[in-house]
Amino acid sequence: MMILKSVFIALLLISSIAVRSEDLPREFTVTPEVIKETPAYVTQVVVPDAMCAAVSDAASLLVVGQRSVNERHLAVFHLDADGRPTGEPSGITLPKPEAIAGSLSFPVGLLFHPKLPILYVWQDVAVPAGKTPPDLTKFAEFDHLLTYTIKDGALELVQTGARGPGFHCGLNTGTIGLDYGMKNLFVPNAQGATYDEAGIAFYALDEEGIPSDTPEAALEKGARAPVMTTNVSKNPAKKAIRVVALPKNLRTNHYFPSGAGWFAGSEAMLMGGYSGCMMTDLHDGGLRQTWFGLPDRVGPCTLAGHPKLPEVYLCLQDNLQLAAIAQANGYLTLLPQLANVTGAHFTGIPVVLTGQSRLAVGDTKALHLLGLQADGRFNGKDERLTLPCVSVRGLAYSEKFSRLFVVVDKGN
């Protein structure tokens, strides 16, 4: 018996060593496995020139934002009982002032409120090329932030905002994020101290999820410093309300774009930006920030957080590298795990597929499905699906139906 027991223990030790020897290094290279059949959990939706997408499980709606010359900016699909689009989508034209009626405007970010019938839209507009900085005088009345309510399955515009010289124009990336308590709405591409310096802004939300006008007062000369209240109590059963300053911009000291994907931890916000991500939190009534940069890499980075595991993902745009980084309550805690995917040119914001333990990332004419371990780290596998799309940017995942919606230019 003692000999058998010793052999059993030895086998356990050997197997554990084998598992450890198969662990991926901190940086590794993976060659995608090309798949020809679309997985059952992936649904292709045809909307040409898609820029972004969002799905609401509560309202059974899928909304796709597109860069369209025919002025149909949003395609709104209703989903059936199985989570599949039904019928033809309805179209919505986003508002813009008469002064720039001939300029191409387009949505770059969409966000459904998780608990309220609200859709937030971030739009941008093409600006004249050549002159830096360009003359943005005629764009002074252009509203970047649009708020829609959902009534009887239809979207109704209720508010516009984020206009004027406080926000950059002419960018193809930037989206909206809610903080952990869903009390504040963070928006991208605010203007910093110089034309090249990126910042962010945020708006306090009322009980119906509508952004307040408070941050706009910061643009008015002689206006009082805007304020908001926040609950700083650690006890969920009690409230300790403190008045805190609400700045118009939070300077990042990095290039545009800012707000390229958000993740809300219980204590800090994470934001995708130029060559890395920013951590920001409320401390002693004010905002503070820390920047995390990717080693040896430069360029815009988009960000997505795992909704169930303490992991976030950074995607270097038009590059082959992805990073998985552990986080605790919104604070990054470990060095990144770096995946270099052979032949990739990633684009858009990654999407976590919780039901399939995968990370979906767009590419030129393709979709990547990277495998995730039980802890949310990469498992070293990648599937690549060729799609009829110049650039795959419209991705949205339904937790309710465990379905990934992928927007393509045309049907197969």
Is it the case that some residue within region 358-375 is outside any strand (DSSP E or B), touching a residue at least 24 places away in the same chain (Cβ under 8 Å) and over 24 Å from Ser266 (Cβ atoms)?
-> yes
Any residue in region 336-352 that is under 21 Å from Thr38 (Cα atoms), assigned to a loop (DSSP other than H, G, I, E, B) and aliphatic (A, V, I, L, M)?
-> yes
Counting only residues that are at pLDDT below 90 and under 30 Å from Ser391 (Cβ atoms), which one in region 137-160 is surrounded by the fewest Cβ atoms within 10 Å (Cβ to Cβ)?
-> Lys138
Scan region 91-130 for residues that are within 27 Å of Leu185 (Cα to Cα) and among the polar types (S, T, N, Q) and jot them down.
-> Thr93, Ser105, Gln123
Looking only at region 78-90, decide whether some residue is more than 24 Å from the chain's Cα centre (by Cα), among the hydrophobic types (A, V, I, L, M, F, W, C) and either surrounded by 16 or more Cβ atoms within 10 Å (Cβ to Cβ) or assigned to a loop (DSSP other than H, G, I, E, B) (or both).
-> yes
Sole residue being hydrophobic (A, V, I, L, M, F, W, C), in contact with an Asp or Glu (Cβ under 9 Å, 6 or more places away or on another chain), crowded, with 22+ Cβ neighbours inside 10 Å and touching a residue at least 40 places away in the same chain (Cβ under 8 Å), chosen from Val108, Val127 = Val108
With respect to Gln321, is the statement that it is closer than 17 Å to Arg297 by Cβ and polar (S, T, N, Q) true?
-> yes
Arg393 meets each of (1) under 20 Å from Trp262 (Cβ atoms); (2) not in a loop (DSSP other than H, G, I, E, B) with one exception, condition (2)
Do the conditions hold for Gly102, that is, is it under 20 Å from Ser68 (Cβ atoms), part of a strand (DSSP E or B) and without any contact (Cβ under 8 Å) to a residue 24 or more places away in the chain?
-> no
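The values are calculated or read from the model by the stated rules, or taken from the named source; none is laboratory data. This structure is a prediction, so every number in the text was calculated from the model and none was measured. No Cβ is skipped: glycine too gets one built from the backbone with ideal geometry, and neighbour counts run over all protein chains shown.
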